[in-house]
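Everything below concerns the one structure shown next.
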Amino acid sequence: MKKAIFIISTTVLFCVLISCNSGGSKSPSASGDAITLKFNLGKGIKFDYSMNMAMNVDQNVMGNSMHMTNKMKVGYIFEVTNDSSGWKTLNSTINRIGMNVNAGSMSINFDTDSAMTDTTGPAGIMGKVFGAMKGGQFTFTMNEKGQVGQVSGMKEMMEKIMEKENMPNAQMIMQSMGKAFDENNFKQNISQSFAVYPDNPIKPGDSWTKTMNINSNGIPMKSENTYTLTSVDGDKANIKVAAKISSADSTTTEAISNLSGTIDGTSVYEISTGMLVSGDMDMKMNVKTQQQPTPVTVDIRMMMTGKKLN
């Protein structure tokens, strides 16, 4: 069960690391004018993003209720370093990771902005790994439609972390976290995160859908996303997000065998830069594990903010 929750937490964490799906066009002159959503970030511009996530997990095991809470904080900076032939290269730098987990007798609490107090237990191991990630960088290429070309630097980042910390059981840690940092898997997550762009210009009240089949940490998943442009306020585009998530029954060695859920929320984009400036999402999931027939219920609240640094 703990492995299942770790997989969920890691998947959510690193999906959100790159979930700054954005769109851009010149600002409409009136709220009824059409706008074109596309990736339109200029070379050399840096953005600082932060995410706060609160996750509550409930399960009934043999008549006993189990409850776990997990609060995460993630911050990163990214910029376009190259723009050539319609493809932009983005450099992402992780600048903060924090986690507070309470699951019965297990408690994990660390923040890369604070000194570690536990250096030996589970919190110490995770604190060392995520602490060493602060300042870590990876790159990816993307065009204006949100299509991802290449992801690089993930494996090198993890290898540097293990080397920097001279961590015992480094190979085992790499294997357990490998799928979260696999570049092909990460490419899928990036593609999913930037799937917002419609095929045509849109006006307030218009809706569009995007359906993607991805494989997240060994779990085949289908995401059906519906976006609605609710209003345009000056240089801000307000978008409603509704998604259905499902996974096929799996016979893999992962702890999770089936997952389904929904996402509802809102996002605000700065039209002139095409960047997400705020987001508020509620995710509700039911997870079946190979060990327990009773579904695990997971409620997640995510809040994101973004600001330009230069």
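Worth a mention:
- The alpha carbon gyration tensor of the range 66-159 gives principal lengths a ≥ b ≥ c with a/c of 1.5 or higher and a/b greater than b/c, which makes the shape prolate.
- Subset of Lys240/Lys284; Lys244/Lys307; Lys88/Lys222; Lys155/Lys187; Lys222/Lys288 violating a 22 Å alpha-carbon distance limit: Lys244/Lys307; Lys88/Lys222
- Measuring only protein heavy atoms, the 1.4 Å probe finds Ser85 accessible over about 110 Å².
- For Lys46, residues with placed amide H under 5 Å, excluding near neighbours: Leu309, Asn310
- Within the straight-line cut-off of under 15 Å between alpha carbons, the aspartates and glutamates reachable from Lys73 are Asp48, Asp111, Asp113, Asp280, sequence neighbours fewer than 8 places apart in one chain being disregarded.
The values are calculated or read from the model by the stated rules, or taken from the named source; none is laboratory data. As the structure is a computational prediction, the values presented were derived from the model and not from experiment. Side chains are part of the model used for accessible areas, which takes the heavy atoms of the whole protein and leaves out ligands, DNA and RNA. Shrake-Rupley method; radii C 1.70, N 1.55, O 1.52, S 1.80 Å.
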